[in-house]
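Here is the structure we will look at.
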Amino acid sequence: MTAPSRLSKLLAAVIAQNGSDLHISAGNKPIIRTAGTLLTLADEEPFTAAETSALLRSMVPPGRWELFEKTQSVDFSYSHEDKNRFRVNGYVAQGSVSIAMRLIPHLVRNFTDLNLPPTLETFCQRSQGFFLVVGPVGQGKSTTLAAIIERINETRAEHIVTIEDPVEYIFDQKKSLIHQREVHIDAPDFHAALQAAFREDVNVIMVGEMRDRETISSAVTAAETGHLVLSTLHTNNAAQTIDRIIDMFPSSQQDQVRVQLAGSLTGIFSQRLVPRISGGLIPAYELLINNSAVSNLIREARTHEISTVIQTSSQEGMIDMNRSLAELVRRGEVTVEDAYERAFDQKTFERYL
């Protein structure tokens, strides 16, 4: 069986088993992740190093193989039978090529379908500001961002530019004009694409990931100058997110960044996907809304007090992760054990039960 034929068979298996990821590596049988659990495809033969290399090379876009040989890693999107798209990372492990592929659903789901809080709707109505979706890898950040973009697309006539590596969800234009730019293909990097957006008469900018200080600086500036900027970070909660952003800058610039962030930030949404008792995954979340109290804490470098503000501000729409997990337990959606593992503060979580 040729490499493309075998790949097509494996991707069909991911879709048939409602999987989210496919892992291919030398010396191992292919592995699928479904509902958060890894499952080895026992009927498949292990891949050889030559097979994994040939498989990756058959997928890599033109001109990108040389970059992979130089950096030992490459990101791109891949279409399967023109129906399903996958985000692909090819990398080298112990001298051999390995491949991780994540299924990108072709339909952008709404807040209700994703079990997300209706409060997120208010951030879709903002004309400017800086809104972040954060959490560890694989917790649904891109899916939540896509739902926000789609809601804007359905309700507002705006020019939306997304900057991604690679482009994931494909949006059909509704009320908004949407341009999706892929790093390495449409722009050299996130920062260059973000700088160019200032000259593109854009209203909403979605940055797939803020990887460096220059990109963060440009994103904050864009939010200050009349744009709605949406992005992600691999951080655990709101307080850690703010600290991470500020720590990216030299000490001589940090006070200024605090002032900028205090004024431009609209909110931070942190989420975790928890195994559902009935099957599948359901999100638990924390939502920080930047009010005058939060703004003062950011400006005065007292971010360690932000979790307390979130806990005591539910009447303003803020959501505490521990309370969110406890509510899922009370509704019979998740087990106490699974919720406890994901609580930011186990003692506080126990008090909410």
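Coordinate-derived values only; no laboratory data. These figures come from a predicted structure and were not determined experimentally. In this analysis, Cβ positions are derived from the backbone assuming ideal geometry, glycine residues included, and neighbour counts consider all displayed protein chains.
Over the Cα atoms of the stretch 1-43, the radius of gyration divided by the Kirkwood radius equals 0.95; this is the Rg/Rh ratio. Taking every DSSP bridge with both residues inside the chain, close to 60 percent are antiparallel.
How much of the pair distance distribution for the stretch 24-112 lies past 17 Å, counting alpha-carbon pairs only, in percent? Please report the intermediate quantities before stating the final value.
Working: 2165 of 3916 pairs.
Result for the distance tail: 55 percent.
If you average 1/r across every pair of different Cα atoms in the stretch 118-352 and take the reciprocal, what Kirkwood value do you get, in Å?
Working: mean 1/r = 0.0547 Å⁻¹.
Kirkwood radius, the stretch 118-352: 18.3 Å.
Across the chain, the mean sequence separation of Cα contacts (distance under 8 Å, 6 or more residues apart), normalised by length, yields a relative contact order of 12 percent. Converting the Cα gyration tensor eigenvalues of the stretch 77-223 into ellipsoid dimensions via √(5λ) gives semi-axes, longest first, of 25, 20, 15 Å. As a length-normalised measure over Cα pairs under 8 Å and 6 or more apart, the relative contact order of the stretch 1-149 settles at 17 percent.
Using per-residue counts of other Cβ atoms within 10 Å, averaged over each peptide, order 212-221, 153-162 from highest down.
212-221, 153-162
Quick check: net charge around Ile152, other residues with Cβ under 12 Å of its Cβ, Lys/Arg +1 and Asp/Glu -1? Could you put the intermediate results ahead of the total?
Details: positive: Arg126, Arg151, Arg156, Lys174, Lys175; negative: Glu121, Glu150, Glu154, Glu158.
For residues surrounding Ile152, the net value is +1.
The relative contact order of the stretch 193-287 comes to 22 percent, based on Cα pairs under 8 Å that sit 6 or more residues apart. Here the stretch 267-337 and the stretch 14-83 have alpha carbon centers that stand 35 Å from each other.
Mind ranking 310-317, 222-229, 141-148 by how tightly packed they are, going by the mean number of other C-beta atoms within 10 angstrom, highest first?
Values: 310-317: 15.0, 222-229: 19.9, 141-148: 22.4.
Top to bottom by mean Cβ count within 10 Å: 141-148, 222-229, 310-317.
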